[in-house]
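The values are calculated or read from the model by the stated rules, or taken from the named source; none is laboratory data. Everything numeric here is computed off the predicted structure, so don't read it as measured data. Glycine gets a Cβ as well: all are built from the backbone with ideal geometry, and neighbour counts include every protein chain shown.
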Amino acid sequence: MSYDLMVFEKTKAPKTKKEFIKWYKKLTEWEESIASNSLQNWFHEIIKTFPPMNGSLAPEDEEINGNKELELHLTDYSVTKDAIYACFSWSLSDEAYNTVLKLAAKHKVGFFDASGKNKDIILPDEGSLMFVSGEWFNRTMMNDFSLIEKKIDSMTVKNRSYLYMADMNENYIQIGGYADRFVVEIRLYEANGKFTHYKANISSDDTSDDEIVIIGGQNIKVRPSQILTGELAVELFKSFFDGEKLSKIVCWKDITDMFI
């Protein structure tokens with residue numbers, strides 16, 4: 001059994017889900033042809049991770065023999081001018097979903113989850129496509145900030161005490177705590193792999209004693225000025241999501257030395 005995903009030219013697909021499904025069913029009669037440039041670019045990058053099962057770009061038998069990981073990643077592709085349909089191993093569904101969606105955003109093509117329960121149709125934008133994970137859910141991709149906000153708003157109990165959101169370059173913002181007592185940190189990477197790590201502060205002047213925020217069942221000592229409300233934390237996440245990584249509504253303390 002395979003997990004099937006499709007990428008497509010956004011300008012060619014119908015706008016409503018009902019009409020899209022009709023278009024998709026007609027499309028899957030598969031009169032193969034040369035794909036558009038955007039789809040070709042997507043294809044040549046995806047096959048670095050999921051090589052084709054057939055055709056001139058498929059691995060040689062000698063490469064496959066004894067290489068179970070390579071064999072597992074072999075994928076069956078069907079190509080038309082306006083879409084590429086890919087059949088992945090079901091056991092790799094999460095990896096396939098995330099990789100296909102990430103590259104769809106990069107190459108500005110649409111994404112359709114043909115095997116998913118909800119038949120998601122996503123027109124991803126690389127700038128607003130984020131990896132999100134939390135104490136209570138696995139890493140997934142989101143391009144709708146309202147969904148991320150709901151996750152943060154649900155951090156009201158001890159077993160929902162941390163959440164990460166990362167962009168395509170693995171820059172990330174993280175929140176720890178629950179019940180309206182949170183700390184927020186950001187890590188930004190340079191092209192050479194070096195990073196700078198920041199912690200949000202309400203003010204730069206704080207002489208009070210440390211307080212406790214519970215994160216992952218651990219009592220973490222923080223400065224009182226570093227304890228944020230959920231509302232403020234959401235604003236920082238929204239700023240990061242929109243491209244302003246270090247929002248000016250708080251002070252950011254460079255704590256990179258703690259990780260070196």
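Here the condition is being aliphatic (A, V, I, L, M) and modelled with pLDDT under 85; of L103, L147, L129, it holds for L129 alone. Inspection of the range 211-221 identifies no residue that is out of contact with any helix residue (DSSP H, G or I) (no Cβ under 9 Å at 6 or more places or on another chain), surrounded by fewer than 19 Cβ atoms within 10 Å (Cβ to Cβ), at pLDDT 95 or above and within 22 Å of M168 (Cα to Cα). A search for C-beta distances below 7 Å between a residue of the range 229-248 that is assigned to a loop (DSSP other than H, G, I, E, B) and any residue that is among the acidic types (D, E) and surrounded by fewer than 19 Cβ atoms within 10 Å (Cβ to Cβ), counting only pairs 6+ apart in sequence or on different chains, returns T229/D180; S247/E235. Figure legend. Inter-residue proximity from the range 26-43: first residues under 19 Å from G55 (Cβ atoms), second residues surrounded by fewer than 10 Cβ atoms within 10 Å (Cβ to Cβ) and at pLDDT 80 or above, beta-carbon distance below 6 Å, spacing 6+ or different chains. No pairs are indicated. Counted as qualifying within the range 25-87 are no helices (runs of 4 or more DSSP H), as none has 1 or more residues that are at pLDDT below 90 and under 18 Å from A104 (Cα atoms). For S203, which of the numbered conditions (1) in a loop (DSSP other than H, G, I, E, B); (2) without any contact (Cβ under 8 Å) to a residue 40 or more places away in the chain fails to hold? Every listed condition holds for S203 apart from (2).
Filter the range 97-121 down to the residues that are surrounded by 19 or more Cβ atoms within 10 Å (Cβ to Cβ) and among the aliphatic types (A, V, I, L, M) and list them by number. V100, L101, L103, A104, A105, V109, I121 - these are the residues of the range 97-121 that are surrounded by 19 or more Cβ atoms within 10 Å (Cβ to Cβ) and among the aliphatic types (A, V, I, L, M).
Note on the range 103-118: among residues that are in contact with a strand residue (DSSP E or B) (Cβ under 7 Å, 6 or more places away or on another chain) and not hydroxyl-bearing (S, T, Y), the one that is farthest from K18 (Cα to Cα) is A104. Of the residues examined, I227 is not one that is assigned by TED's automatic domain parsing to the domain that holds K158, loosely packed, with under 14 Cβ neighbours inside 10 Å and modelled with pLDDT of 95 or more.
Figure legend. Inter-residue proximity from the range 214-226: first residues touching a residue at least 24 places away in the same chain (Cβ under 8 Å), second residues of a type in the set (D, E) and assigned to a strand (DSSP E or B), beta-carbon distance below 7 Å, spacing 6+ or different chains. Indicated pairs: V222/E211. For residues in the range 132-190 being surrounded by 14 or more Cβ atoms within 10 Å (Cβ to Cβ) and among the acidic types (D, E), which is farthest from D257 (Cα to Cα)? That would be E149. For the range 133-148, what are the residues that are within 21 Å of G217 (Cβ to Cβ) and not in a loop (DSSP other than H, G, I, E, B)? If the condition is that a residue be within 21 Å of G217 (Cβ to Cβ) and not in a loop (DSSP other than H, G, I, E, B), then S133, G134, F137, N138, R139 are the ones that fit.
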